[in-house]
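Student: I'd like to ask you about the structure that follows.
The values are calculated or read from the model by the stated rules, or taken from the named source; none is laboratory data. Bear in mind that the values here come from a model prediction, so they are computed numbers and not experimental data. Cβ atoms come from the backbone with ideal geometry, glycine included; neighbour counts cover every protein chain shown.
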Amino acid sequence: MVPTRDGEISPAGATPGTGRLIVAARRLVASWQRSEEYGVSADVVDPAWAGTVQADSLYFQCGQEVLAALHGTLADEPVSLMLTDADGLLLNRLSGNPTLLRSLDRVHLAPGFAYSERDAGTNGMGLALADRSPALVRAEDHFSASLRTYTCAAVPVFDPVSGDLEGSVNITTWSRSSPELLLALAHSAAGNTAALMLARSRGRRQRPGRKGGVFRMQRSGLEPGAGTLRAMSSPWTVALDDATRALAAGRVVAAVGEHGVGRVTLLAQAFRQARPGCRILSAAAPAPEDVDAWLSLWTPELAKPDTAVIIENADLLPAWAAQELRGHVARALHALPSTADGTAPTLAWAVTATGLDAVPSPLAGSIDTVVPVPALRDRGDDVLHLARYAARQTRLREIDFTVAAEKALLAHDWPDNVDELFGVVHDAAVRAETIDIQHLPAYLLARPGMHLSRIESVERDEIVRSLSRPGATVTAAATELGISRATIYRRIARLGIALPK
C-alpha cells in the first residue's frame with residue numbers, strides 16, 4: 001500500500017483486506033502528511049550532516065557486533081546494514097556491494113547523516129523511529145523520489161532495562177529485492193542487539209513490556225488520606241500549584257519527568273482542585289499493535305461534561321497514533337456546545353511524558369503548559385512521608401521503621417523513583433510490624449550506581465543478610481558465611497556494601 005500525492009491509498013504489490021495492511025497504509029499516509037508539514041523536498045533528499053558519530057555507548061557496541069556477524073553471512077548480497085540512534089543519525093553502514101555503496105553515497109545514506117522523517121521524509125528508519133514499531137518502506141512508498149530505487153526495512157531497538165528508544169536497525173537494498181526477508185532479518189538483528197545489551201547490563205532487570213489500558217481514577221486509589229501527601233516537599237507542591245492553575249484556566253498540561261515520579265498522581269490531584277467532582281480517566285499508552293482499540297475505548301469520553309482525561313506516557317505513542325489523537329481532540333472540541341459568555345469551549349485533558357521534546361510532534365503542538373515533576377532523589381523530604389504512606393496502605397494501619405531502615409531509605413538514590421520506593425516498602429510491610437534493614441532489599445545497602453553481575457549480586461545479598469540480623473557483627477557474619485574476617489571486609493569494599501549502623 002502506498003499513499004499518493006492527494007492522500008489517497010493505492011495498492012503496491014499487496015492484496016488489501018487484512019488489518020495489518022490497513023494499519024500499514026495509515027502509517028504511510030500519516031508519514032507523508034508529516035513529511036509535507038516538515039517541508040521535506042519531494043524530489044531530492046537532503047539530510048542534515050551531524051559530523052562524527054558517538055561510538056562508545058552499549059547500544060552501539062552491541063548493535064555493531066550483531067550487524068558485523070550478520071554481514072558475514074550476507075557479504076555477497078546487495079544489501080546494506082545500518083544502525084541509527086534515536087534521532088535517526090546513521091552510526092554505521094556495512095555492505096560488500098560497491099555498486100550499492102556508491103548509490104547510497106549519492107543520497108547521503110551514510111554515517112554522520114540524519115535520516116529522521118523531519119530530515120528525509122518517509123523512509124524505513126525514520127518511520128520506525130517515529131512510530132516506535134517495525135517499518136517496511138518499499139521503493140514507491142518513499143516520500144522523496146530520489147529514494148525510490150531502494151526498499152528499506154527498519155526495526156526500533158529499545159534499552160531492555162530502561163525501556164528507552166535507543167535507535168533502529170535498518171536494512172536497505174534495491175527495490176526489486178524481497179521486502180519480507182529484509183524485515184525478518186531486521187527483526188532478528190534488533191532482537192539480538194537488545195538481548196546482547198541485557199546480557200552486558202551487569203545484573204540489571206529487564207523492564208516489562210507496555211500493556212496500556214484505560215481506567216477511572218478513584219480518589220482512594222490514587223490520592224492518600226489527609227495528612228500524608230498534603231505535607232509534601234516544596235518542589236512537589238510548587239509543581240502541583242502550577243498544574244492546578246493551568247488546568248483551571250482550560251490549558252492543556254504536560255507533566256514531564258522520569259518514570260515513576262508521580263506525574264499521573266500530580267495531574268489527578270490538580271484536576272481534583274481545578275475541577276472539583278469531575279470524573280478522571282487515565283489512558284496509559286499501549287503497545288503499537290493495540291493503539292486502534294485503545295483510541296476507540298476512551299476518545300468518545302473526551303467531550304463528555306465533567307470528564308477529564310490523562311494520557312499517560314504520551315511520548316511512547318507512535319507518531320501516526322498521535323496524529324489520529326489530534327484529530328479526535330479537534331472533533332471533540334467541535335462537538336462542545338458554546339459557552340454562555342461566548343468564550344471558546346475547552347476540553348479537560350492532560351498528558352505525561354519524559355519531556356516535551358519526546359512527545360510526537362502532531363500532539364506536542366496542542367500542549368500549552370509544561371510542568372516539570374522532580375525526581376524523588378531531588379525531593380528527599382518526601383521519602384519517609386511516602387514510605388509511611390505505602391506501609392499504611394499495605395497493612396491498613398501504621399507501621400514503624402527503625403532508625404537504621406530510615407537511614408537506608410534516605411541514603412538510596414531511587415533510580416525508579418516513587419514506584420520503586422512503594423515496591424520496596426510494600427514487600428517489607430507484609431513481613432514485619434516494624435521495618436528494619438533486614439526487611440529491605442540488599443541493594444539498598446550498596447553504593448549508588450554500582451552494577452554487579454548475578455554472582456556478585458548473590459554474594460552481596462548473602463553478606464547483607466548476615467549483617468542485617470539483630471545484633472550481628474562483622475565477625476559473626478564472617479563465621480556464618482565460612483570466610484575470614486579479613487575476607488569479608490575485602491568483599492564488603494568490593495561489592496560497595498554500606499555497613500549498617
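Student: It is to be established whether one or more residues within the stretch 310-322 are in a loop (DSSP other than H, G, I, E, B) and touching a Pro at 6+ places or on another chain (Cβ under 7 Å). Give the derivation first.
Tutor: So the first thing to find is which residues in the stretch 310-322 are in a loop (DSSP other than H, G, I, E, B), and the list is 313, 317-318.
From what's left, touching a Pro at 6+ places or on another chain (Cβ under 7 Å): 317-318.
For the stretch 310-322, residues in a loop (DSSP other than H, G, I, E, B) and touching a Pro at 6+ places or on another chain (Cβ under 7 Å): present.
Student: Scan the stretch 122-140 and report the pairs whose first residue is more than 19 Å from LEU89 (Cβ to Cβ) and whose second residue is surrounded by 24 or more Cβ atoms within 10 Å (Cβ to Cβ) and among the hydroxyl-bearing types (Ser, Thr, Tyr), with Cβ atoms within less than 7 Å and a gap of 6+ or a chain change.
Tutor: Sorted first by the residue in the stretch 122-140, then by its partner, the pairs are ARG138/THR151; ALA139/THR151.
Student: Shifting gears a bit: Within the stretch 299-309, is there a residue that is closer than 27 Å to GLU258 by Cα, in a loop (DSSP other than H, G, I, E, B) and in the same structural domain as ALA284 (by TED's automatic domain parsing)?
Tutor: Narrowing the stretch 299-309 to residues closer than 27 Å to GLU258 by Cα: 299, 302, 307-309.
Next, from what is left, pick out any that are in a loop (DSSP other than H, G, I, E, B): 302.
Among the residues that remain, those that are also in the same structural domain as ALA284 (by TED's automatic domain parsing) are: 302.
Scanning the stretch 299-309 turns up at least one residue that is closer than 27 Å to GLU258 by Cα, in a loop (DSSP other than H, G, I, E, B) and in the same structural domain as ALA284 (by TED's automatic domain parsing).
Student: So, one more: Could you grab me the full set of residues in the stretch 290-319 that are under 15 Å from PRO362 (Cα atoms) and over 17 Å from the mean Cα position of the chain (by Cα)?
Tutor: None; the set is empty.
Student: Quick one: THR15 ticks every box in (1) surrounded by 10 or more Cβ atoms within 10 Å (Cβ to Cβ); (2) out of contact with any strand residue (DSSP E or B) (no Cβ under 7 Å at 6 or more places or on another chain); (3) at pLDDT below 85 except a single one, so which number is it?
Tutor: Unmet for THR15, out of (1) surrounded by 10 or more Cβ atoms within 10 Å (Cβ to Cβ); (2) out of contact with any strand residue (DSSP E or B) (no Cβ under 7 Å at 6 or more places or on another chain); (3) at pLDDT below 85: (1).
Student: Against the condition assigned to a strand (DSSP E or B), within 17 Å of GLY191 (Cβ to Cβ) and in contact with a helix residue (DSSP H, G or I) (Cβ under 7 Å, 6 or more places away or on another chain), how does LEU83 come out, does it pass? Give the derivation first.
Tutor: Details: assigned to a strand (DSSP E or B): yes; within 17 Å of GLY191 (Cβ to Cβ): yes; in contact with a helix residue (DSSP H, G or I) (Cβ under 7 Å, 6 or more places away or on another chain): yes.
Judged against the criteria, LEU83 is a match.
Student: A follow-up question, please. Which one is modelled with the lowest pLDDT, of the residues in the stretch 336-374 that are part of a loop (DSSP other than H, G, I, E, B) and charged (D, E, K, R)? Let's see the steps before the verdict.
Tutor: Looking only at the stretch 336-374, we keep the residues that are part of a loop (DSSP other than H, G, I, E, B), and these are 336-348, 354-355, 359-360, 365-368, 373-374.
Next, from what is left, pick out any that are charged (D, E, K, R): 341, 368.
Numbers: ASP341: 72, ASP368: 96.
Within the stretch 336-374, the match that is modelled with the lowest pLDDT is ASP341.
Student: Next question. Starting from residues that are more than 15 Å from the chain's Cα centre (by Cα) and part of a loop (DSSP other than H, G, I, E, B), keep the ones in the stretch 188-214 and report whichever is modelled with the lowest pLDDT.
Tutor: GLY203
Student: For residues in the stretch 96-121 being assigned to a loop (DSSP other than H, G, I, E, B) and under 16 Å from ASP43 (Cα atoms), which is nearest to the chain's Cα centre (by Cα)? Write out each step before concluding.
Tutor: At the first step, the residues of the stretch 96-121 found to be assigned to a loop (DSSP other than H, G, I, E, B) are 96-97, 107-112, 115-116, 121.
Subset that is under 16 Å from ASP43 (Cα atoms): 107-109, 115, 121.
Working: VAL107: 32, HIS108: 30, LEU109: 27, TYR115: 21, GLY121: 24 Å.
Here the residue is TYR115.
Student: Give the residue, chosen from ASP419, ASP461, that is modelled with pLDDT of 90 or more and of a type in the set (Asp, Glu). Spell out how you get there, then give the answer.
Tutor: Working: ASP461 fails: modelled with pLDDT of 90 or more.
Result of the check over ASP419, ASP461: ASP419.
Student: I want to confirm something. Restricting to the stretch 144-187 and keeping residues that are in a helix (DSSP H, G or I) and without any contact (Cβ under 8 Å) to a residue 60 or more places away in the chain, which single residue is farthest from ASN92 (Cα to Cα)? Don't jump to the end; show me each part of the working.
Tutor: Narrowing the stretch 144-187 to residues in a helix (DSSP H, G or I): 145-147, 179-187.
With the extra rule that they be without any contact (Cβ under 8 Å) to a residue 60 or more places away in the chain, the set shrinks to 179-181, 183-184, 186-187.
Details: PRO179: 21, GLU180: 23, LEU181: 21, LEU183: 19, ALA184: 20, ALA186: 15, HIS187: 18 Å.
Going through the qualifying residues, I end up with GLU180.
Student: If you don't mind, another one. Here is a check on your reading of the model: is LEU333 within 18 Å of VAL370 (Cα to Cα), hydrophobic (A, V, I, L, M, F, W, C) and outside any strand (DSSP E or B)? Break it down into steps so the answer makes sense when it comes.
Tutor: On the way: within 18 Å of VAL370 (Cα to Cα): no; hydrophobic (A, V, I, L, M, F, W, C): yes; outside any strand (DSSP E or B): yes.
No: the conditions fail for LEU333.
Student: Okay, moving on. Would you be able to tell me the number of residues in the stretch 127-140 that are modelled with pLDDT of 95 or more, touching a strand residue (DSSP E or B) at 6+ places or on another chain (Cβ under 8 Å) and in a helix (DSSP H, G or I)?
Tutor: 3
Student: Does the stretch 44-53 include one or more residues that are in contact with a Leu (Cβ under 8 Å, 6 or more places away or on another chain), free of Cβ contacts under 8 Å to residues at least 60 places away in the same chain and within 18 Å of ARG93 (Cα to Cα)?
Tutor: Within the stretch 44-53 (the criterion being in contact with a Leu (Cβ under 8 Å, 6 or more places away or on another chain), free of Cβ contacts under 8 Å to residues at least 60 places away in the same chain and within 18 Å of ARG93 (Cα to Cα)), the answer is yes, since at least one residue qualifies.
Student: Looking at SER168, is it touching an Asp or Glu at 6+ places or on another chain (Cβ under 8 Å), modelled with pLDDT of 95 or more, of a type in the set (S, T, N, Q) and within 29 Å of SER201 (Cα to Cα)?
Tutor: Values: touching an Asp or Glu at 6+ places or on another chain (Cβ under 8 Å): no; modelled with pLDDT of 95 or more: yes; of a type in the set (S, T, N, Q): yes; within 29 Å of SER201 (Cα to Cα): yes.
No.
Student: Let me ask something else about it. Could you tell me which of the residues VAL424, VAL403, VAL383, VAL418 is without any contact (Cβ under 8 Å) to a residue 12 or more places away in the chain and under 17 Å from LEU444 (Cβ atoms)? Give the derivation first.
Tutor: Details: VAL424 fails: without any contact (Cβ under 8 Å) to a residue 12 or more places away in the chain; VAL383 fails: without any contact (Cβ under 8 Å) to a residue 12 or more places away in the chain; VAL418 fails: without any contact (Cβ under 8 Å) to a residue 12 or more places away in the chain.
It is VAL403.
Student: Could you list, in sequence order, all residues of the stretch 450-472 that are of a type outside the set (A, V, I, L, M, F, W, C), out of contact with any Gly (no Cβ under 9 Å at 6 or more places or on another chain) and closer than 20 Å to VAL161 by Cβ?
Tutor: As a first pass, look at the stretch 450-472 and keep what is of a type outside the set (A, V, I, L, M, F, W, C): 451, 453-454, 456-457, 459-462, 465-466, 468-471.
Subsequent filtering for residues that are out of contact with any Gly (no Cβ under 9 Å at 6 or more places or on another chain) retains 459, 461-462, 465-466, 468-471.
Residue satisfying the conditions is ASP461 alone.
Student: Now, a different point. For ARG93, are the conditions met, namely being part of a strand (DSSP E or B) and either without any contact (Cβ under 8 Å) to a residue 40 or more places away in the chain or over 22 Å from THR151 (Cβ atoms) (or both)? Spell out how you get there, then give the answer.
Tutor: Details: part of a strand (DSSP E or B): yes; either without any contact (Cβ under 8 Å) to a residue 40 or more places away in the chain or over 22 Å from THR151 (Cβ atoms) (or both): yes.
When the stated conditions are applied, ARG93 passes them.
Student: Ok, one more. Can you tell me which residue in the stretch 56-72 is surrounded by the most Cβ atoms within 10 Å (Cβ to Cβ), limited to those that are in contact (Cβ under 8 Å) with a residue 24 or more places away in the chain and under 18 Å from THR172 (Cα atoms)?
Tutor: Only one residue fits best here, namely GLY63.
Student: A further question follows. Take the residues in the stretch 240-283 that are part of a loop (DSSP other than H, G, I, E, B) and among the small types (Gly, Ala, Ser), then tell me which one is surrounded by the fewest Cβ atoms within 10 Å (Cβ to Cβ).
Tutor: Going through the stretch 240-283, the residues part of a loop (DSSP other than H, G, I, E, B) turn out to be 249-252, 257-262, 275-278.
Within this subset, residues satisfying the condition of being among the small types (Gly, Ala, Ser) are 249-250, 257, 260, 262, 277.
Values: ALA249: 12, GLY250: 14, GLY257: 21, GLY260: 18, GLY262: 28, GLY277: 6.
Only one residue fits best here, namely GLY277.
Student: Separate question: What are the residues in the stretch 377-407 that are crowded, with 22+ Cβ neighbours inside 10 Å and closer than 22 Å to LEU467 by Cβ, if any?
Tutor: Passing the criteria: ALA387, PHE401, ALA405.
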